[in-house]
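Structure first, commentary second.
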Amino acid sequence: MTSPRQQQINRQRNGHVLVWDQNGLNEIFEDTKPRCFQKRFFVTFMLFLGMANAYVMRTNMSVAIVAMVNHTAITDGHDDVFDDECPNSNLTEVEESQDGEFVWSSAQQGYILSAFFYGYVITQASLAIPIPFGMLAKRYGALRFLGYGMLINSVFAFFVPIAARRGGAWGLSAIRFIQGLGEGPIVPCTHALLAKWIPPNERSRMGAAVYAGAQFGTIISMPLSGLLAEYGFDGGWPSIFYVFGAVGTIWSVAFIIWVYEDPCSHPTIGEREKKYINNSLWGTNEMKIPPIPFRTIAKSLPFYAILLAHMGHNYGYETLMTELPTYMKQVLRFSLKSNGLLSSLPYLAMWLFSLFISVVADWMITSERFSHTSTRKIMNSIGQYGPGIALIAASYTGCDRVLTLAILTVGVGLNGGIYSGFKINHLDITPRFAGVLMAITNCSANLAGLLAPIAAGNLIDNQPTIAQWSKVFFIAAAVYIICGTIFNFFGSGKRQPWDNPENDHINDNHEAQRHNSSGPVTIVPASPKKTKQ
């Protein structure tokens, strides 16, 4: 039983009221806690699978393009020679030639890999500001926008082989752009559904479980893509898109049919669970969200700290995710079969480390030995300095394949600290507008991320040498470290004054003209009268 004194301390802590302090909630919580098959757990599981599917679609091209390109033809057509700095004699898995059917330069490959992110960024921007996609998301709900978006992404995967064979690099880029458009809603809409379904005292572990799907999808995608490229049908690499496209389509249909926008619209949810969720979230079935204070957000240094940390992370992460299979083929000379499996090891380490470090972060805060601000900065430093240092170290390992892979695995593994750093920091500084801030920072971060494969492709174009790849790694490392340092200077774990409900009248005055003309776009709890989405 919590003492009145402890309740008072909890209420004052970081501007939040703990869920179990709300009147009449203990009885509901005790009544629903023992039940294992709650609807919110099913929603969490489906969102986890959705995040995994999204990252499968995002990463499978990185492995497939290694099998699609005729590296010998590219070499024969240029004065530069294929990198032969690393000998083949000390590793049985190395192979001399495994060429595909397309003659695409490294620069062209970089544009193909980045095409997905152009579409992804457009949808992200549309969710953050009041233009057509954002208005559709507001009107029809996060569930439909997410479900149908992923359905588009999955269905168009079937057209990748046709587009590549008939339309070449530009045709393939167009299909990948459309797939990116479909996947754009995954992060902000997942954030919105978690806000509607998951009580605050469960949000840390449920959120970690859902976003762990990103690493899980990468872990599944890379080795299976390598095996399908080696042994699959229709020439190997096309089977990657047929198989994962089918899986994604099945998930999208199941998600649209079986998942509901909010507890109030679910026809079979238990009354006790529905009351528990609604009372723990809002204390009532409805909640009024004020206009978004864009002007004050634009002056907030903690917001810019999150923004730059997110951008720096995405640039470094996309460099590794899209280019690591190519590096392992061109320089370390791994076969396709082993390439996918070994490329997934760093993301397995990241997945496991993110789950472990989130528990440590929660302990640091609950033990009251560390503030929210210091915890976020420590975790984020691990998550961004770790891979930055690892990339620098990997630039000096030369042809030592085992050491290079070990360093990259540890570095990317430490990257898991960002989930307890800047990623969750949105909720610290603005619980009410966290979904909007996530859309804004995620959009900007993916703009930075799409530059990564373009920069790498141009740096190694016709020169896939260790020296050129070192430049790619050094640039990514510098971005990681600089952006992590900015977060340490300006980041905060405190709820910002512009998120305080007592200041809403000030925000209303500042934003009145803006919202009279276009209306705010934000993610709000659905009305209790809302029907099945």
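The values are calculated or read from the model by the stated rules, or taken from the named source; none is laboratory data. Predicted model, so just to flag it, every value in this text is computed and none were measured. Here Cβ is always computed from backbone atoms with ideal geometry, including for glycine, and neighbour counts include all displayed protein chains. Surface accessibility is based on the protein's heavy atoms, side chains included, excluding ligands, DNA and RNA. Shrake-Rupley method; radii C 1.70, N 1.55, O 1.52, S 1.80 Å.
A few notes on this one:
- Rolling a 1.4 Å probe over the protein heavy atoms leaves residue 475 with an accessible area of roughly 70 Å².
- Close amide-amide hydrogen proximity is noted between residue 493 and 373, each under 5 Å apart and 5 or more residues distant or on a separate chain (H modeled in the peptide plane; Pro and chain starts excluded).
- Net length available on complete extension from residue 368 to residue 253 is 36.9 nm, with 0.36 nm assigned per residue and the Cα-Cα distance removed.
- Extension gain from residue 352 to residue 233, taking 0.36 nm per residue of separation minus the Cα-Cα distance: 39.5 nm
- Estimated inter-spin distance, residue 399 and residue 489, nm [label 7 Å along Cα→Cβ]: 4.3
- Here the spin labels are modelled as points 7 Å beyond Cα on the Cα-Cβ line, and at residue 454 and residue 268 they lie 4.8 nm apart.
- Charge dipole magnitude, Cβ of K and R +1, D and E -1 - the stretch 295-503, Cα centre, debye nearest 20: 40
- Accessible area per residue was computed with a 1.4 Å probe on protein heavy atoms; residue 409 scores about 30 Å².
- For q = 0.10 Å⁻¹, Debye-computed log10 I/I(0) when each Cα of the stretch 295-503 counts as one equal scatterer: -0.45
- Our coupling estimate for the stretch 174-183, obtained by passing each phi through the Karplus curve with A = 6.51, B = -1.76, C = 1.60 and θ = phi - 60°, is 5, 5, 5, 4, 5, 4, x, 4, x, 7 Hz, Gly and Pro reported as x.
- Of 329/471; 274/494; 299/494; 423/494, those spanning more than 22 Å from alpha-carbon to alpha-carbon: 274/494
- For residue 465, no residue has an amide H sitting under 5 Å from its own, ignoring neighbours fewer than 5 places away on the same chain, with H placed 1.01 Å from N.
- Using the Karplus relation 6.51 cos²θ - 1.76 cosθ + 1.60 with θ = phi - 60°, the per-residue 3J(HN,Hα) values for the stretch 147-152 come to x, 6, x, 5, 5, 4 Hz, with x marking Gly and Pro.
- Per-residue ³J(HN,Hα) for the stretch 45-55, Karplus 6.51 cos²θ - 1.76 cosθ + 1.60, θ = phi - 60°, Hz, x for Gly and Pro: 5, 5, 5, 4, 5, x, 5, 5, 4, 4, 6
- The stretch 295-503: relative contact order as a whole-number percent, Cα under 8 Å and 6+ apart: 41
- List 187, 103, ordered by accessible area with a 1.4 Å probe, largest first: 103, 187
- Pairwise Cα distances in the stretch 148-257 exceed 19 Å in 54 percent of cases.
- At full extension, residue 162 and residue 471 could sit 107.7 nm farther apart than now, given 0.36 nm per residue minus the alpha carbon distance.
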